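The values are calculated or read from the model by the stated rules, or taken from the named source; none is laboratory data. As the structure is a computational prediction, the values presented were derived from the model and not from experiment. All Cβ positions, glycine included, derive from the backbone under ideal geometry; neighbour counts span all protein chains shown.
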Amino acid sequence: MRKWIEFGLWVLLLGIGGFLVGQSSQVSAQGQSQIPTVAIATVTGSPSGAMVTVTREYDQVNVRSGPGGDGVYPIVGVLIAGQQVPALGRSAGGDWVQIAYPGAPGGVAWVYSPLVEVVGTLRVVEPPPTPTPKTTPTVDPTLAAQFIIEIPPTHLPTFTAPAPLVIPTYPPEQTFTGSGRVPMGLVIVGLGILGLFGMVISLIRGR
């Protein structure tokens, strides 16, 4: 009787051991089936392609619907200092950069290139058409007529001829000609003779 009890205990222990071994093998098989057999792609935070970064020198820069300043394309938003967005292209002269901007029509907009830093190579893209003004300003002719000043014509001053110029006339210079005039040489000779005569008289008196 004792032998049968020992035999039953051994059978019970063997059954419990077999059950435990089967459970452990099943758990290990399930763990192995959950391990992936392919490479898992890793996600990095660095974007690909050309990028535009607003320089720290400006608090914000305007974003426009096209490559043009005031009066050409309207402002559709702003970028703050240090903000980085994808760059899509550039203008023909390189002064403007096209960026991805969800708030703009079509999801694209333009920024002035000297205000940002561009990393990467950009292709030249065609600018969008210039927007037409919603209203065309017109001038009221009645209102404009009030500001038109008409200057009446004035008569030109009449020309008065000056008085005739009177040129004084002088009588012709008279020249003495003829035999009645005493020759100048004779007068000089006479004066010389008188001088010699006076000198002779002075010498006689001095003796």
| message | Here is a check on your reading of the model: is residue 86 modelled with pLDDT of 85 or more and assigned to a loop (DSSP other than H, G, I, E, B)? | response | no
| task | Could you tell me whether any residue of region 129-136 is under 43 Å from the mean Cα position of the chain (by Cα) and at pLDDT 80 or above? | result | yes
| task | With respect to residue 125, determine if the residue is more than 19 Å from residue 52 (Cα to Cα), surrounded by 13 or more Cβ atoms within 10 Å (Cβ to Cβ) and among the aliphatic types (A, V, I, L, M). | result | no
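Out of 104, 92, 100, which single residue is touching a helix residue (DSSP H, G or I) at 6+ places or on another chain (Cβ under 7 Å) and either more than 30 Å from residue 126 (Cα to Cα) or at pLDDT 85 or above (or both)?
Answer to the check: 100.
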| query | Of all residues in region 55-83, which are assigned to a loop (DSSP other than H, G, I, E, B) and crowded, with 16+ Cβ neighbours inside 10 Å? | reply | 65, 66, 67, 68, 73
| task | Kindly indicate whether any position in region 171-185 is under 30 Å from residue 53 (Cα atoms) and at pLDDT below 80. | result | no
| Between residues in region 50-63 that are free of Cβ contacts under 8 Å to residues at least 24 places away in the same chain and residues that are crowded, with 19+ Cβ neighbours inside 10 Å and not aromatic (Phe, Trp, Tyr), which pairs lie under 8 Å by C-beta distance while being six or more apart or on different chains? | 60/54; 60/79
| task | Please enumerate the residues belonging to region 45-54 that are part of a strand (DSSP E or B) and at pLDDT below 90. | result | none
